[in-house]
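Asker: I'd like to ask you about the structure that follows.
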Amino acid sequence: MFPDGFVNSIEKHMAYSLRCGKLVHRKFGAIGLTYPVVRTMHRHVVNNMLSWNTTLLVLILCTFQNVLHSTSSAMLTSLPYNNQINRERGNILKNLTGTQEYENHIVTSRLDASEPVRMMYRGLREVYNRLLGPTGMRDEGVSLQSRVPPYVPFPCDVRGYRSPSPPTSVHRLRPGDFDIVAALGDSLTSATGANSRQFWELLIDNRGLSWCIGGQETWRTHLTLPNILKEFNPKLFGYSFADSYNVHLPSQFNVAEIIATTSDMPYNAASLVERMKADPRVNWHKHWKLLTLMIGGNDFCSDICYQTNATKWINRDQEKYLLTTLHYLKKVMPRTLVNLVPSPLINLSFSIDKVQAPLTCQFVRPIECSCLYGPKYSSQRNLYRQLERRFVKIMERVSHRSEFHSNDFTVVYQPFYRDASIFHRRDGKPDLSIMAIDCVHLSQKGHAVSANGLWNNMLEPTRLKTTVLRELFENFKCPSPEDPFIKTYYNS
């Protein structure tokens with residue numbers, strides 16, 4: 001429908017709007033209908049699915065935002081010789097038709113600092129959420145875990161697994177010693193679309209169902225890490241308890257955001273710390289905190305193919321941002337155990353390729369994961385997978401660095417997602433019910449299976465940790481009087 005030159009021109013212009021929308025979304029919490037919508041429109045353009053008028057409107061809106069940027073604040077400095085842009089430097093209008101290089105991967109306008117703009121974006125997403133949600137309370141469907149009857153006891157004996165007084169060492173923590181749970185990550189941690197049945201529900205965050213930070217109902221209906229830990233310490237707090245976006249109260253200490261990449265983690269970590277310190281329930285220096293950080297999937301699913309020569313530097317930058325995040329947390333967050341978890345996104349995607357994916361997945365995946373499935377970039381997908389596997393190793397190596405381990409702070413690499421696959425059943429058959437309708441995000445059942453895997457990893461010694469998903473409750477570890485502690489590198 002469109003000539004190649006037109007599509008290439010559109011992509012150059014849309015690249016800016018993708019970046020701008022992403023930062024707006026990240027900087028001010030759940031203010032959606034920015035990056036996700038722009039990204040969707042971009043993919044549709046590439047696949048010749050948007051009309052000329054619609055595309056022209058998108059370009060006008062993006063250009064109008066740039067004009068506002070230029071006229072509403074001081075004049076931007078001219079581009080440096082290497083044509084890089086960062087938060088404070090670079091002329092976006094000049095760079096639209098040039099080679100785009102993003103210093104620290106952030107392109108934005110000073111409109112981001114405008115309260116009316118923030119309120120507009122938040123308002124739009126709030127309306128979207130209210131019109132379509134909540135979806136997290138659904139209790140029927142093949143993608144939900146089987147409910148555990150009331151007469152079936154919790155798999156573990158919970159007595160004696162909260163210390164009489166708070167431990168002084170992170171290496172002597174029992175499951176009941178955690179007072180607070182928190183999480184950093186992307187849409188897999190915000191449980192985006194976990195209970196979706198229609199395309200338009202994929203932007204609803206079912207945070208109460210999230211594998212590592214959801215606390216909706218109990219383990220009988222929604223197996224999550226907090227719902228497991230609540231059995232050992234009913235006073236646990238910080239978990240998300242309902243459908244919500246980042247700025248909503250039910251989100252609590254879950255600051256994960258859709259489309260987040262590794263480069264977003266330093267900012268998100270600072271946002272989390274600010275939120276926790278502002279909460280009167282938190283005793284910063286007394287309470288033990290369990291923070292789960294999973295990131296990296298979007299780097300390869302929807303980001304790497306839009307960066308200049310990213311295959312040459314993405315792993316280096318990922319390590320830099322990961323180190324920056326962990327150094328910050330180590331400095332400001334006492335009494336904390338960090339679960340460092342690799343993303344299952346790429347592995348699950350490749351395993352789904354071995355079966356006939358539903359038509360819904362075939363339609364949505366090129367939109368949501370264009371670097372792997374978009375027609376323009378998918379030829380590089382095997383290279384992107386190699387780079388993703390390299391980042392998994394980087395995460396493990398970083399977790400062992402000595403500066404991240406002390407008596408009141410430690411990082412533990414939990415690899416249960418490392419070799420994740422839909423072929424996790426004992427009979428070897430694929431199980432697409434762990435995936436949401438887009439075959440990108442996890443379903444509620446997938447979150448439950450993931451929670452089971454993370455919990456087991458936390459009780460497994462360093463060199464004996466499970467690296468694959470298993471069927472729900474097939475193997476559910478429990479602490480014992482002889483071995484009551486959460487495993488770290490210094491007690492296993």
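The values are calculated or read from the model by the stated rules, or taken from the named source; none is laboratory data. Since we're looking at a predicted model, the values are computed, not measured. Cβ coordinates were reconstructed from backbone atoms using ideal geometry, including for glycine residues, and neighbour counts include every protein chain displayed. SASA here: full protein model, heavy atoms, side chains in, ligands and nucleic acids out. Shrake-Rupley method; radii C 1.70, N 1.55, O 1.52, S 1.80 Å.
Asker: Can you compute the modelled spin-label distance between His400 and Trp200, with each label point 7 Å from Cα toward Cβ, in nm?
Answerer: So the two model labels end up 5.1 nm from each other.
Asker: Order 305-315, 444-454, 407-417 from most to least packed using the mean count of other Cβ atoms within 10 Å.
Answerer: Values: 305-315: 16.2, 444-454: 27.2, 407-417: 21.6.
Top of the packing list down: 444-454, 407-417, 305-315.
Asker: Applying a 10 Å radius around every beta-carbon, put 178-186, 267-275 in order of their mean neighbour count, most first.
Answerer: Values: 178-186: 25.9, 267-275: 18.4.
So the order, starting with the most tightly packed, is 178-186, 267-275.
Asker: Right, here's the next one. Provide the net charge surrounding Met333, with neighbours chosen by a C-beta distance below 11 Å and charges set as Lys +1, Arg +1, Asp -1, Glu -1. Write out the running numbers ahead of the final one.
Answerer: Details: positive: Lys277, Lys289, Lys330, Lys331, Arg335; negative: Asp408.
Overall, the nearby charge balance is +4.
Asker: Continuing with this model, one more query. At Thr467 and Tyr490, where each label point lies 7 Å from the Cα along Cα→Cβ, what is the point-to-point distance in nanometres?
Answerer: Here the modelled spin labels are 2.7 nm apart.
Asker: Note down the net charge around Pro358, summing +1 for each Lys or Arg and -1 for each Asp or Glu among other residues with Cβ under 12 Å from its Cβ. List each step's numbers first, then the result.
Answerer: Working: positive: Arg365; negative: Asp438.
Charge balance near Pro358 sits at 0.
Asker: Just in segment 390-492: which GluC sites (Glu not before Pro) are loop by DSSP and have at most 11 other Cβ atoms within 10 Å?
Answerer: The qualifying sites are Glu482.
Asker: Then there's this: 7 Å from Cα along Cα→Cβ at both Asp483 and Thr308: what's the point-to-point distance in nm?
Answerer: Each label point lies 7 Å from its Cα, and together they span 5.3 nm.
Asker: Leaving ligands, DNA and RNA out of it, rank Lys320, Lys429 by accessible area with a 1.4 Å probe, largest first.
Answerer: Numbers: Lys320 100, Lys429 120 Å².
Solvent-accessible surface, decreasing: Lys429, Lys320.
Asker: What's the Cα-based Rg to Rh of segment 377-491, Rh via Kirkwood? Before the final figure, lay out each step's value.
Answerer: Details: Rg = 16.3 Å, Rh = 16.0 Å.
Here the Rg-to-Rh quotient is 1.02.
Asker: Still on this structure: I'd like the carbon and sulfur percentage of the solvent accessible area for segment 281-411, probe radius 1.4 Å, heavy atoms only, ligands and nucleic acids excluded.
Answerer: Here it works out to 51 percent.
Asker: Leaving out ligands and nucleic acids, note down the accessible area per residue over segment 373-492 with a 1.4 angstrom probe, in whole Å². Present the calculation step by step, with values, prior to reporting the outcome.
Answerer: Values: 4980 Å² over 120 residues.
Averaged over the residues of segment 373-492, the accessible area is 42 Å².
Asker: Ok, one more. So what are segment 227-356's ellipsoid semi-axes, whole angstrom, largest first, if each one is the square root of 5 times an eigenvalue of the alpha-carbon gyration tensor?
Answerer: For segment 227-356, the ellipsoid semi-axes come out as 29, 19, 14 Å.
Asker: Please give the net charge around Thr224, taking every other residue with its beta carbon less than 13 angstrom from that of Thr224, where Lys and Arg add +1 and Asp and Glu add -1.
Answerer: +2
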